[in-house]
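Visitor: Okay, handing you the structure first.
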Amino acid sequence: MAKKHPENESEDTKVDFESALEELENLVSKMESGELSLDDSLKAFERGIELTRTCQSTLEAAELRIQMLTKDNKLEAIDTLSNES
């Protein structure tokens, strides 16, 4: 199995997040339509919970990364320097 390169990790995560979100939206649409049986609705609900947790953890990881990158207001300092030009 091919190893993922660290530089491609954020791209892979984005695809996983986008796919999970799209699947979640499709499940919600199916459940709202009322066409699913009770058993299928329960399965869809369980899958939706899994997808929601996946998306939430991805967003939390992204937020943590942003906090680390902007620690000590370094982003503001960069913005200030770019405005001086």
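The values are calculated or read from the model by the stated rules, or taken from the named source; none is laboratory data. Only a predicted model underlies this, so the values are computations on that prediction, with no experimental measurement involved. Cβ atoms come from the backbone with ideal geometry, glycine included; neighbour counts cover every protein chain shown.
Visitor: Kindly list, by first and then second residue, each pair from a residue in region 21-47 that is surrounded by 14 or more Cβ atoms within 10 Å (Cβ to Cβ) to a residue that is of a type in the set (G, A, S), limited to pairs with Cβ atoms under 6 Å and residues at least 6 apart or on different chains.
Guide: L24/G48; L27/A44; L27/G48; M31/S41; M31/A44
Visitor: For region 48-83, what are the residues that are polar (S, T, N, Q), in a helix (DSSP H, G or I), surrounded by 10 or more Cβ atoms within 10 Å (Cβ to Cβ) and modelled with pLDDT under 90?
Guide: Going through region 48-83, the residues polar (S, T, N, Q) turn out to be 52, 54, 56-58, 67, 70, 73, 80, 82-83.
Of the ones still in play, those that are also in a helix (DSSP H, G or I) are 52, 54, 56-58, 67, 73, 80, 82-83.
Now drop any that are not surrounded by 10 or more Cβ atoms within 10 Å (Cβ to Cβ), which leaves 52, 54, 56-58, 73, 80.
Answer for region 48-83, where residues must be polar (S, T, N, Q), in a helix (DSSP H, G or I), surrounded by 10 or more Cβ atoms within 10 Å (Cβ to Cβ) and modelled with pLDDT under 90: N73, T80.
Visitor: OK, next. Filter region 1-46 down to residues that are among the acidic types (D, E) and over 22 Å from E63 (Cα atoms) and give me whichever is modelled with the lowest pLDDT. I'd like the intermediate steps shown before the answer.
Guide: Taking region 1-46 as the starting set, the residues that turn out to be among the acidic types (D, E) are 7, 9, 11-12, 16, 18, 22-23, 25, 32, 35, 39-40, 46.
Next, from what is left, pick out any that are over 22 Å from E63 (Cα atoms): 23, 25, 32, 35, 39-40, 46.
On the way: E23: 95, E25: 96, E32: 95, E35: 90, D39: 96, D40: 95, E46: 97.
Once the filter is applied, the top-ranked residue is E35.
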